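One structure is given below, encoded as structure tokens.
Just so you know, all these numbers are worked out from the coordinates, no wet-lab data involved. If you're wondering where the values come from, they're calculated on a predicted model, not measured in any experiment. No Cβ is skipped: glycine too gets one built from the backbone with ideal geometry, and neighbour counts run over all protein chains shown.
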Amino acid sequence: MVESDLRKSTFLRTVLRETGCKAEVIAERIEAITPQNADVISARALAPLAKLLDFASLHLNPDGFALFPKGVTWKKELKEAESMFSFQHEIIKSRTQEGAVILRIGEISRV
């Protein structure tokens, strides 16, 4: 997990310790860390889709995918991102907000 806010990263470490889950918390900005070669990346309310794809292209392994929850303006963000990146995507309807989706994205490359 990458979380630049020290208060939030401390909370995440506490949750990991108390639940016994195995994970690492990196308390830095995502653009400042070395490539992670991740299988899955997710981010909520971090940035527009095009910027998220920029981060994902740095940190995903070639077979990995990203899950990005997006609100009702997701179509606009998707169209903008398609002008800057090539990628495969699946649209999953949100169960919690009408008009929102989760975008499952893989095979990301800049155009």
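Against the definition (at positive phi and loosely packed, with under 12 Cβ neighbours inside 10 Å), how does A45 come out, yes or no? In short, yes. Scanning the stretch 1-54 for residues that are charged (D, E, K, R) and within 24 Å of S83 (Cβ to Cβ) yields E31, R44, K51, D54.
Criterion applied to P35, P62 was being under 16 Å from the mean Cα position of the chain (by Cα) and not in a loop (DSSP other than H, G, I, E, B), and the one residue passing it is P62.
Among the residues of the stretch 72-93, those that are under 13 Å from P48 (Cβ atoms) and either in contact (Cβ under 8 Å) with a residue 24 or more places away in the chain or loosely packed, with under 12 Cβ neighbours inside 10 Å (or both) comprise W74, E77, L78, K79, E80, A81, S83, M84, F85. In the set I105, I91, which member is among the β-branched types (V, I, T) and more than 11 Å from the chain's Cα centre (by Cα)? None of the other options fit; the residue is I91. Exactly one residue among E28, E77 is within 22 Å of V101 (Cβ to Cβ) and among the charged types (D, E, K, R), and that residue is E77. Candidates are the residues of the stretch 22-32 that are assigned to a loop (DSSP other than H, G, I, E, B) and not acidic (D, E); the one that is farthest from the chain's Cα centre (by Cα) is K22.
Per the conditions (1) part of a helix (DSSP H, G or I); (2) loosely packed, with under 15 Cβ neighbours inside 10 Å; (3) hydrophobic (A, V, I, L, M, F, W, C), the sole criterion not satisfied by F55 is (2).
Looking only at the stretch 1-21, residues that are acidic (D, E) and assigned to a loop (DSSP other than H, G, I, E, B) come to 2 in all.
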